[in-house]
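The values are calculated or read from the model by the stated rules, or taken from the named source; none is laboratory data. In this text, all values refer to a predicted model and were calculated from it rather than measured experimentally. Counting neighbours? That spans all protein chains shown, and the Cβs are built from the backbone with ideal geometry, glycine included.
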């Protein structure tokens, strides 16, 4: 992922397994991403296409050919610009030797049953987020939030939740906490921040803007449970340039039969954004956590 001629890294199209709906709700038809009439993404550079498949067959199995198919509708008619935002939580600091813009972090269930990852974010442009969704490894993610408040407002700079390294999640079990306890503490701080804004004018309204729909599972004919796309519960809002907001991801095993002990995780918040009709905006922005830079 490289910087384009607009000065940003961008993801124009992004499809993961958690974009597919349950069969009764459309199945793979949900993989299509479309914009309202009159809106379009103006591409600045040639598109690179990447595809992965998780091959879980035994070692030394035969080569498994696979292909990636993409369909793109385009026009030369002028459209109101839109773009795709990808916000990555927990990205390691520059110069750490780890792959840039990856955002992977490790959940160690040998030492903790409950984990929390959080990151502060600030955008370089003023945009309005209108269509939001998440990518996480769902079987180990209870919920994920975007809150228009700073980490300090939410109590995340206090000793229990403070981080020594941006890519290392908080071990909640070490502090005698479960996911629900952490959520309650954060919400208490959010309510306190909101009450302060009643008497003193705040530059931004502290508010829970987006969170996962917890009913996002489908029972397959094999008897296994698979995560499926279910639109998260989100409120469109205008994010001012340099305004700080916070991503939080609450992790634990959601299925008791899972015997995994160490799981690689990433939390990525995606949103389609627009701006004023006459304002030029980048067609895509990949943003890493503010506390990691």
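Summary of computed values
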quantity: Hits in the range 90-108 - residues which are in contact with a helix residue (DSSP H, G or I) (Cβ under 9 Å, 6 or more places away or on another chain) and at pLDDT 85 or above; calculated: 107
quantity: Subset tally (residues that are in a loop (DSSP other than H, G, I, E, B) and touching a residue at least 24 places away in the same chain (Cβ under 8 Å)) for the range 244-266; calculated: 7
quantity: Residue in the range 208-219 that is closer than 25 Å to residue 158 by Cβ, touching a helix residue (DSSP H, G or I) at 6+ places or on another chain (Cβ under 9 Å) and at pLDDT 90 or above present; calculated: yes
quantity: Hey, residue 21 assigned to a loop (DSSP other than H, G, I, E, B), touching a residue at least 40 places away in the same chain (Cβ under 8 Å) and more than 20 Å from residue 81 (Cα to Cα) or not; calculated: yes
quantity: Residues satisfying the stated conditions in the range 199-219, i.e. closer than 19 Å to residue 237 by Cβ and more than 25 Å from the chain's Cα centre (by Cα); calculated: 201, 202
quantity: Complete set of residues in the range 220-235 that are surrounded by fewer than 16 Cβ atoms within 10 Å (Cβ to Cβ) and touching a helix residue (DSSP H, G or I) at 6+ places or on another chain (Cβ under 6 Å); calculated: none
quantity: Selection count where residues are exposed (fewer than 14 other Cβ atoms within 10 Å of the Cβ) and closer than 30 Å to residue 278 by Cβ, scope the range 14-44; calculated: 5
quantity: Filter result (free of Cβ contacts under 8 Å to residues at least 40 places away in the same chain and assigned to a helix (DSSP H, G or I)) within the range 24-51; calculated: 24, 27, 28, 29, 31
quantity: Filter result for residue 116 (surrounded by 20 or more Cβ atoms within 10 Å (Cβ to Cβ), under 25 Å from residue 20 (Cα atoms), at pLDDT 90 or above and touching a strand residue (DSSP E or B) at 6+ places or on another chain (Cβ under 9 Å)); calculated: no
quantity: The range 122-150 - residue that is touching a helix residue (DSSP H, G or I) at 6+ places or on another chain (Cβ under 7 Å) and crowded, with 23+ Cβ neighbours inside 10 Å and, of those, nearest to residue 205 (Cα to Cα); calculated: 149
quantity: Members of the range 172-193 that are surrounded by 14 or more Cβ atoms within 10 Å (Cβ to Cβ) and not in a helix (DSSP H, G or I); calculated: 172, 177, 178
